[in-house]
Structure formats: C-alpha cells, structure tokens
Amino acid sequence: MGGLQKKKYESGSATNYISRNKARKKLSLSLADFRRLCILKGIYPHEPKHKKKVNKGSTAPRTFYLLKDIRFLLHEPIVGKFREYKIFVRKLRKAYGKAEWSGVQRMKENKPAYKLDHIIKERYPTFIDAVRDVDDALSMCFLFSTFARTGKCHVQTIQLCRRLGVEWMNYIITSRSLRKVFLSIKGIYYQAEVLGQTITWIIPYQFAHDHPTDVDYRVMATFTELYTTLLGFVNFRLYQTLNLVYPPKVKHTKCASIKYMDLHISYQKLAALSASLARTVPSVEDEEAELDHFPAEGEDLEKMETREKMELEQNKQKKLFEGLKFFLNREVPRESLAFVIRCFGGEVSWDKSLCIGSTYDETDETITHHIVDRPTIDKQYINRYYIQPQWVYDCVNGKILLPVEEYFLGVTLPPHLSPFVEESEGDYVPPEKLKLLALQKGEKPQAEEDEEEEEEEEDDEDDEEEDDQSEDEDEAEDEASLAEMEEKRAQGKSLSVKVTPGKVKPENRMRTEQEEKAEEKRLAIMMMKKREKYLYDKIMFGKKRHVREANKLAAKRKAHDDANKPDKKKKKKKC
Amino acid sequence: NDIRNTVGNIPMEWYKDYPHIGYDLDGKKIFKPIRNKDELDEFLDKMENPDYWRTVQDKMTGADIRLSDEQVDLVHRLQEGKFGDVNFNEYEPAIDFFSNEVMIHPVTNRPQDKRSFIPSLIEKEKVGKLVHAIKMGWIKPRRPKETTPQYYDLWAKEDPNSILGRHKMHVPAPKLKLPGHEESYNPPPEYLMSEEERLAWEQQDPEDRKLSFLPQKFACLRAVPAYSRFIHERFERCLDLYLCPRQRKMRVNVNPEDLIPKLPKPKDLQPFPTTQSLVYRGHSSLVRSISTSPSGQWLVSGSDDCTVRFWEVSTARCLKTVEVGGAVKGVAWNPNPSICLVAISYDDTVVLLNPGLGDRLVSTATDQLISSYEEPEEVKEQPVQWTVAEGEGHEQGHRLILKHPKAVRQVTWHGKGDYLACVMPDNGSSLQVVIHQVSKRRTQNPFRKNKGLVQCVSFHPIRPYFFVATQRYVRVYNLIKQELTKKLMANCKWISSMATHPGGDNVICGSYDCRLAWFDLDLSTKPYKVLRHHKKALRSVAYHRHYPLFASGSDDGSVIVCHGMVYNDLLQNPLIVPVKVLKGHTITHDLGVLDVTFHPTQPWVFSSGADGTVRLFT
C-alpha cells in the first residue's frame, strides 16, 4: 500500500504522441514550414490505438505525430535554414519598404539556400531504397516539366524537371529496361524494371494544363524539390552503372563537330531521344557472353529453369523492334513513340521540320513502318506498312510483333488492354486477352471461326460459373420440387388408387454425392462461432461479389457481340 | 473711352438684379446696355447678320463685340492646340547647355567647397574598416553562384552502420494502384458504362465512386483529350504521402474453408430421420401440439379447430376424432405404458381422456383406476375443480375434467405417469404452475411467489427435480427439499420451449430470438452451446428418449435434427452436430412448425405445423 497516486495521462500512450500544433510549437515553425519539413523528412502522422487516451480524454479530431519523430526533427539542420529564410524575408520586406534598392539587391544575392542531399541519404540509406521509391518522383517531375511558365512554379524548377526526365528516359533507352506501356485516358503509363525494381510512372498527354484553383502548389513544389534532388542522384548513379557520361552527352562520330555544337542544341538533341549516349569507357559492341547458370542455394532445378526461360523471354522482348525502321508522321505523339521504339531497339525518325534529331527522311526506302494517326494519307510508299500508333504499344505489351492487319489506316482498332492486369482464376478475361495469349503461345488465329468458338467456350465457362453461384438456389428448387412431388404423390394416393408401373429413376451418383457434401458444409456452417461466421460471411460475400462482377462483364460483352454480329455478317456478305 | 470693369473675377450673376454691371476706373457705375432683343430678334439677327458667328458677348460689360480677323485666327489656333504666336517655333534645335564637355569657363561662378578637395575622414574610416576586415579574412570575395544543382554519387560509401535505427520502423508508402482495362483510351466494350450506370455514377458522391473517372472510348490516339483531373490526382497523392497515417495492416488471409469447424460426418452419426415419409392430414387449422403413446403406435394431435385426433403412426390413419370445447393448446400422452390416458388442455380446462386405443386390458385398467378413487375424509380447498366426466363426454372417452381458474397453456406428465403439471401463464399472480396427482385427485401449487411469466415446465426424468422456464431464466427446483437448486441463464430474450435430456443432466431451451441453448447442468448455469441455426423463432424442442438426437422446430418451416451425444464421462463435453435439416411444412400466417416430438423407440421425428398437417420424418 501507499505510494503516490498515479496521475492520468502522464505515462503510456499519452506521452508517446504529440498533436500537430504542439509539435509545431516545439519546433517553433509556422504551419507552412512544418508541413515542408514533414514532407522533406518523410514524417507522417500516426494513428494511436486508443485515440481518447492519447487525446487526454477528449474526442476532438486531431492529428498525432509520434513524439520520437518530432524529437528527430529537432536536430535537423534544415530547421535552422527555415528560420534564416524567415528572417531573410523580413529583412527584404523592410528594405523594400525603405526603398533601399542596393540593400535589396545585396540581400537577394545572399538569399539563404539549403541542400537536401543529406536528407536523401538519410531517407534512402541504400541505392535500392531510392530506386524503389522513384515512382512518384518520376510522375511528379514529368508533370512539372509539362507546365508552362505561368508562375505556378519557378522556371528553373520546370527546366530542371525536364532535364531530369530526359536523362531518365535516355537511361531507360540505353539500358532497355522498359517493360510495359499503357495508353490510358489520363496519360501514358510506363513500367520499367530497373535493378530488379518495377517502376511505374505516368506522363500526361501533351496539352496545356487547366490549372485548378483548389490545389496547393506550394505542397507540390516542396515535393518536387525533394524529388528532383532524389532523381538527380539516382540518375547519376544509374548512368555510372552503365559507364555513361553524366550529365549525358550525345555520342558523336565526328570530333570536330563537338566544338561547334552549341550546348543548348546538344541538350535538345538529347531530348529528342534519337541519338545514343556517349560512354566514359568506349564500349565494344558487346557480345553478351553466355553465362553459366548455377542454381542458387535453396532453389531447385525447376525454378531455375523457369527463371532461365523468363530471362530468355525478356531478352527476346528487348530486341523486339530490332531491324525495324519507323517513321513518325507529325500528328502522332513523337516523344512517347520515339522513347518506346528506341527502348526496344528500333530505329526512329520524323520530319525535319517537326523536331531536331531526325535521322532519315520520309523518302528513305528502308523504312518498314510508317506510323500515322489519320484516316488516310495521300502519298503512300509500297514497301512499308502504314499503321496506327496503338500497334507499337500493343506489340510491347504482347511481347511479340502482332499482325499489322488490324492496325492499318482507317481500320477500327482492336481494344487496347491494360498490361498491368493479371487475371487470376475466376476473374473475367476479355476475349482479346485470350486471343493475345493464344498468339503468344504461337497459335495462329483462324479468323472468325476460332473467335466464335472461343466465345462459345467462354459462354460455357460462364454457365459453369453461374452454376456455382446458383447451386444453392438449385438445391432449394430441387427441394421445393421434391416437396411438391411428394405432395402430389400423397394426394394421388388419396384420390385415385391406381398402380402405375414406376420408372426407374437413374441415380446420378456424382450429383447426390455433391449434394451430400454441400449439405454437410451447410450443416457445419451452422455450428460456426459467431466471430468466425462473421468473417466467413464477409469472405464469401466478397467472393460472390467478385463472381457477380465478372459475370456482369461477360454478359455485357455477350450482349454487345450479339448486337454487333448481324452487322459483321452483312459486311462479310458485301465483301 | 475705357470701359474696363473693376469688379474683378467674380460671378457676374451677383449683378443680375442691378441696372449696372460694375464700376469703371473712376468708380462710376457701368450700366448694362439696353437689351431689348427677344427671341425673335435674336433669330432674325442670326439669320441676317453675316457677322453673327463672330459676335460674342462681353460678360464684363454686357456689350456685343465683333471679333476681328486676328482674334478669330487666334481662337482657331488655340482650338487646334497650337501656340498662340504664329511666329513661335516649337521645334528649335536644343542647346546642350550642361553637357559632359568641360567648358573653359564655369557656368556658375561659385567657388568650390572645401570638402571637395580635402579627403573625407569618414570615408577613410570606412575604408580602413573594410581593409581591416579583408585583412582579417572576415570579408571574402563573393563566390560565383551555383545555379544548377550538383549531383554526385551519393551512395558511394554505403555504410550499414550509418543507417538509422528508426529506418527499420519506416513504413514505405504503398504504390499507386495500377490501372485496369477500363482506364484504357480504347477499352473493350464491356468496360464502358451503360446509360444507367453512368447516371448512377454521376449521382454518387465522388468519395463513394468505385471508379474515379468515366471510362471512355476514342477512335484514335489523336482524339484523346487532356485529362482534366491530372494535377488533382497528383496533388491527392502528395497529400496521401505526407498526411496519411501509415500502418502495417495484417490482412486476414484465411481460407474460408478452414473456418468451417471439422465435425464428424452426419453419415457416421446415423440413425437419424432423413426424409419425410408420412403426412397426417385432417386438421383444418394449426396443430398446436402432438404427443406419441409410450408404445409408439399412436399419435395424438391437438389443433385450433377444437378437435383432438388420434392417428396410427404407421399408416397415417385417423382413428378417432374427439371434439372439445375450445382450441386445443396442449396434448400429452401419459408416459406410463400401463396407463392409457391423454391429457388435453383447452381454454381453462384440462381433460384426461382415455382414447381406448391399443390393448383393451390397459384401457379397462385405466378406467378402473380412475373409477376406484375414493373421496378422502377431509376435503381440502383446491384451486382446481375435479369432476368426473359423464354422459356423452364419457362415451367419447373423457374421464376427468379439471377446471382451472385460468387458461392452461401446457400440460406435461411426470415420467411415472401419476403427476401432471399445468402451466397457466399470468404475470400477476403466484398461481402459474399447478401439479396434479391423478390417483389422489389432488392439486397443489408449488410456488408461493411469482418469479416472472412462466413459459413452460418439465419434470426431471429421474430425480425429483422440476424445471420452470420463465422468459429469460430456467429455474430448477428440488421438489422434496422444496428449494431452488439452480437458476440457468439462457442469454436470450424470450424462452419459448424447453426439453430435458433423458439422462437429466442436460437441458435445451428454444427461444423466440432464433437461438437454441444447450445447458449442461454439471458444467455451468450458462449455456454450454448456443446454436443459431434457425432463421426464425423456435417454437419447440425435443430430445429423443434413447438415441442421442434432439430436434428443434421453428417458424421458418424447418425442423433441424442434431446429434447430441452425452457421455457418461464427466470430463467429456457433449458433442453437438447438426445432422439434418428437414423441410416440408408450408408457412401459413408466418408460422411454420409448432411442435416436434420424437418417436419413443424409433429414430423418427414428428412435427406439426401451422398448415394443419402432422409430418413424420424417418
């Protein structure tokens, strides 16, 4: 007995957390600076387990940070810089007020600046960590690089973002690490595999932005500040791994031209993505040495085989467009197509008046594919395919060169599927995907018949699915019919005493067995505990919804196909 | 004559009411000229006088003045914004008077200041300070500004020790969800929204939408417009990154099949009723209660159509129909095989009826037993009036009629067949349960106090215990010691029925809130297991006398038969496995099965329903 009475909220979780306002006061920063600091240092709020305890009995909504996080921020040198900047702004304002223009000039020259290098190092202690987190950085940089100089952010930032983006794309081209591309209505998604990490980024279509008013550009700018630093260091390291010169330079055959090459023009050539990069160590066109593969420890032979197969496939994909010569018409998205084609070893050029860096003319006889995005073109060369841009993207996603017939000018394009969707069992698979899979396996499409067959098969599958779904209902129906039969029989007995030769009912053993099992399951479900039952019901609900959605899609497709079939047939007849 | 006015620059309307207009140099009044021109004269003047346009009125003197040619010219020049002087040249070449060229002669003749040729002390001091600062290294030459950020190999020395401990706790932000087929600029047709779906999407809150965008289809890549919410989405991602609390969530990744408890297969727990084999038709209204004879040959059912029917179990033949004076609430066959008596309750009456079925010897022995009653010497005041049936009633089989003060809901026999308990639910009085002794025609009220609305009662099959179920509790009384031994908490809202295991140590309770509670009396006063397998209120529960089976009937029209094995070993808990769901009764007026009872020897179960039928499941 005895001892002091413990006071409430002086130990435990109440002391581990700190509210945002208190944290701000502890760091003596304004809210905007605090926000900036959190963004740069990667500090995010924490959700306490017992909010009321942490909130000292109050239930007011508050954001909480871990006290440890805030203590960690206390030692950050950047906080001092923030304060310096605050003072700088105050001084500057004063100088303006007094119209001391020389003072203003001097102060502006001595504007306090800070570097984020140490923060990057601290947040990403290893290079792989940094590469893993580069997704958002890329998307943001590519977005900022499309901004016009409208004062939404500094011009230097826009230029830096553009530069970093171009560097990144050039790296991807040189390392041939692009894997998937997807034309969405939002923009173009790219997925690359860099040092074993899958990195996805999105680039908006080339249009002027309609700047929204409800977006805080300061937050975005702070993120961009961090991301540009991160991306710069990542690019540097990546270029180093490939023995490339950083900052990148276009490879020149003639030494003399370098001198006269304006720096600006060289950058523009780089941005055109048509030239290969200069290397620090002049590389011999390296014949890839056949490596002997040994199974890694704890990896059995089968796994190794599959891995090898994957690697082989990947190598094949890397050389997808090798030997093909593309020419881009002026209405297609030049940068995206040039990037994708170069990533897979194709040669690409465009009209000279369109952009710097075109390597050959439209009149070149060796051009194999001419990419056009308009219904017709006047002057056509015989020895090349005129195709729509979707072909390039579909080929990349399908990892094979698709037949070009469906992508000719003026032809209705086949649907463009997302390469990121990996259908698991029970998911809805669009018929186009099935076709693609068949193509990948090496089967040749047999025009319409095959398609129809597939459709039928699919229908069968659908039916099965429906069966699964409506099993319970079926059973219920069965039982109802049984009861009805019995009733009838009973009534029959009382009404007409007549013996009719009975029919031997063929017993479906499988079915009865299934039914038995289903009933067993149902009975067992009755005995579930409440909590488990809840969980089970939830899981089953989710599964059912999934099936329902898949069925809905399949039904929609079927309706669409049915509606379009007569048209097709008519067309055929006409042909 | 100089007629200049001397009044100065004043508003001339001050002189409006005077005949004069001011004063001349000599201080004499200047009189206004006599103006007798009216409008007509003015007009005529305008028309006829060629100089009218150059005539102005002098405000100071009021006289009309004809402007001379020079004056008109001047007016014209001024109106055009030209200088009044014709000879003035505004574009004369400028003479650069204060030029950079030092002239031989100064412009001003002012002698130079002294300070202009003596070195400034203040400046010297200032320069000295600067020189000193430079010497001391306090002032450094300005470094050229770095405009572009410098990048280098940041991870050149990856030191595993320098990784902060807190980095282990770091939760990396989840990556954005990858787009599906529906986001494509040219998606398969099934991913496009139909008109209704689109309307529904538009009416939804932006937060509730499953897709944040409307899937669209474009014929070619050129037709794809800019996505208007692109910046928004990136901004939202930024907000997520720095404002969202992050937490490692363990996803429940269980196979739903694993959640289902592993129970012995029903096939291994046979025998139990599996199919409906007979339907006993005849009642025209709901059959409230059924009971089987101890031999298992007969079945009695009481219905709301005021009849009691006797059936042969094996053929579903109605052997006898007895009409009584009210809707039959409960029937109970005397469990003693040597007595053939059925207790029937309707309204406030309980009739003991000898159906005369089966062995005639037993039937006559029963009649004799009842008629051999001798009145005791001292007649006690009893709450129930016993009368012997006579006349037509006797013909029908009525033997004794017990008039109760209130409506009787349930009758149940003691295992020996001498005692009969009746329930008269009533919230207000202590007379809710009466126990009759048939051989002595005696009635007693075992309880002095009202402990709540009694739902049903039951005798312990072996020991002198008595179970009373009120709305929420089951009380177990010791009849010999006359005390409460146990109070079972049913954990349900309203108990509807109760059955006692033939071993006597287990009780099941059905309740109107769809639960069936199994009590193990040795274990606890709380239910050992609660089953929620019915979808609607339970109406009746029953144990089988020999087989480890129990059944429950419910308003959802189904009878669920469960295997309920009780082990002699006290350490082993009862095994409860549902084995069969029997359906057959149709639901009428929201009522399904009203009573279930087992066959005394076979693993068969009878159920009576609101559809007026009794069914046998074998």
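A short reminder: the numbers here are calculations on the coordinates, not readings from a lab. Since the structure is predicted, the reported quantities are computational estimates derived from the model, not experimental observations. Positions of Cβ are backbone-derived with ideal geometry, glycine not excepted, and every protein chain shown enters the neighbour counts.
The stretch between B:Met565 and B:His170 holds 136.7 nm of extra length on full extension. This uses 0.36 nm per residue minus the Cα-Cα distance. Note on A:218-227: average number of Cβ atoms from other chains within 10 Å of each residue's Cβ is 2. Could you name the lysines whose alpha carbon sits less than 16 Å from that of A:Lys180, not counting residues in the same chain fewer than 8 places away? A:Lys180 reaches A:Lys316, A:Lys318, A:Lys319, A:Lys399, A:Lys433, B:Lys177. Calculate the length of the line joining the C-alpha centroid of the range B:58-76 to that of the range B:432-479, in whole Å. Distance between centres, Cα-based: 137 Å.
Rounded to the nearest 10 degrees, the inclination of helix B:69-79 to the longest alpha-carbon principal axis of chain B is 30 degrees.
Our summary gives the range B:1-139 a relative contact order of 14 percent, counting only alpha carbon pairs under 8 angstrom and 6 or more residues apart.
For the range A:123-160, the set of trypsin sites (Lys or Arg not before Pro) satisfying both a DSSP loop assignment and a count of at most 15 other C-beta atoms within 10 Å is given as A:Arg149. In sequence order, the range B:590-597 has phi-based couplings of 6, 10, x, 8, 9, 8, 10, 8 Hz under the Karplus curve 6.51 cos²θ - 1.76 cosθ + 1.60, θ = phi - 60°, and Gly or Pro positions carry x. What residues from the range B:464-495 fall in the zone where the backbone N is under 18 Å from a label point 7 Å along the Cα-to-C-beta line of B:Ala407? What the label zone holds, given the 18 Å backbone N cut-off, is B:471. Taking a straight line from the alpha carbon of B:Lys267, these lysines sit under 20 Å away, with near neighbours fewer than eight places off in the same chain left out: A:Lys517, A:Lys521, B:Lys580, B:Lys583. Take A:Leu92 and B:Leu78, extend 7 Å from each Cα along the Cα→Cβ direction, and tell me the distance between the two endpoints in nm. That separation, rounded to one decimal, is 5.6 nm. With 30 Å as the limit, the listed pairs A:Lys111/A:Lys251; B:Lys265/B:Lys536; A:Lys121/A:Lys249 have A:Lys111/A:Lys251 beyond it between alpha carbons.
May I ask you to derive the FRET efficiency for B:Lys526 and B:Lys451 from their Cβ-Cβ distance with R0 = 22 Å, giving the value to the nearest 0.05?
Efficiency, rounded to the nearest 0.05: 0.70.
Taking amide H as placed 1.01 Å from N in the peptide plane, the amide H of B:Asp595 sits under 5 Å from that of B:Ser608, each at least 5 places away or on another chain.
When peptides B:507-515, B:266-274 are ranked by their average number of other Cβ atoms within 10 Å per residue, the highest-first order is B:507-515, B:266-274. Using C-alpha pairs under 8 Å with a sequence gap of at least 6, the mean separation divided by the residue count of the range B:409-464 gives a relative contact order of 35 percent.
Shown in residue order for the range B:203-218 are the 3J(HN,Hα) couplings computed by the Karplus curve 6.51 cos²θ - 1.76 cosθ + 1.60 at θ = phi - 60°: 7, 6, 5, x, 6, 7, 5, 6, 10, 8, 9, 8, x, 9, 10, 10 Hz (x for Gly and Pro).
In summary, the lysines within cross-link reach of B:Lys126, defined as a Cα separation below 22 angstrom excluding same-chain residues under 8 places away, comprise B:Lys114, B:Lys135, B:Lys140.
For chain B, the relative contact order comes to 8 percent (Cα pairs under 8 Å, sequence separation of at least 6).
Using r as the Cβ-Cβ distance of B:Met12 and B:Phe98, and R0 as 60 Å, what FRET efficiency do you calculate, to the nearest 0.05? Calculated transfer efficiency: 0.80. Peptide B:251-260 is shielded by partner chain Cβ atoms: per residue, an average of 5 of them sit within 10 Å of its Cβ. Between the alpha-carbon centres of the range B:355-425 and the range B:485-540 there is a gap of 31 Å. Each residue, B:Lys440 and B:Glu236, gets one label point 7 Å from its Cα in the Cβ direction; the gap between the two is 8.4 nm. Amide H contacts of B:Ile21: B:Ile30, B:Phe31, B:Lys32, each under 5 Å away and 5 or more positions distant or on a separate chain (H built 1.01 Å from N in the peptide plane; Pro and chain starts excluded). Distance from the alpha carbon centroid of the range B:564-618 to that of the range A:180-253 works out to 71 angstrom. Projecting label points 7 angstrom from Cα along Cα→Cβ for B:Thr315 and B:Asp24 puts them 16.4 nm apart. Each peptide in A:154-161, B:406-413, B:456-463, A:512-519 receives the mean, over its residues, of other Cβ atoms within 10 Å, and ordering these scores from highest gives B:406-413, B:456-463, A:154-161, A:512-519. Residues whose amide H lies under 5 Å from that of B:Lys320, counting only those 5 or more places away or on a different chain, are B:Phe310; hydrogens are built 1.01 Å from N in the peptide plane. Report note on the peptides B:594-607, A:237-250: ranked by the mean count of other C-beta atoms within 10 Å, highest first, their order is B:594-607, A:237-250. Using a cut-off of 22 Å between Cα atoms, the listed pairs A:Lys22/B:Lys168; B:Lys493/B:Lys529; B:Lys449/B:Lys481; A:Lys530/B:Lys486 include A:Lys22/B:Lys168; A:Lys530/B:Lys486 as exceeding that distance. Dividing the summed -39500 (n - 2.57) terms of all DSSP H runs of n ≥ 4 by the residue count of the protein assembly as shown sets its mean residue ellipticity at 222 nm at -10500 deg cm²/dmol.
Inter-chain Cβ neighbour count for B:262-271, averaged per residue, equals 2 (cutoff 10 Å, partner chain atoms only). FRET efficiency for the pair A:Arg279 and B:Asp268, taken as 1/(1 + (r/R0)^6) with r the Cβ-Cβ distance and R0 = 60 Å, rounds to 0.20.
To the nearest ten degrees, helix B:39-48 and the longest principal axis of the Cα atoms of chain B are 60 degrees apart. Taking each residue as 0.36 nm, the span from A:Lys530 to A:Thr500 lengthens on full extension beyond its C-alpha to C-alpha distance by 5.7 nm.
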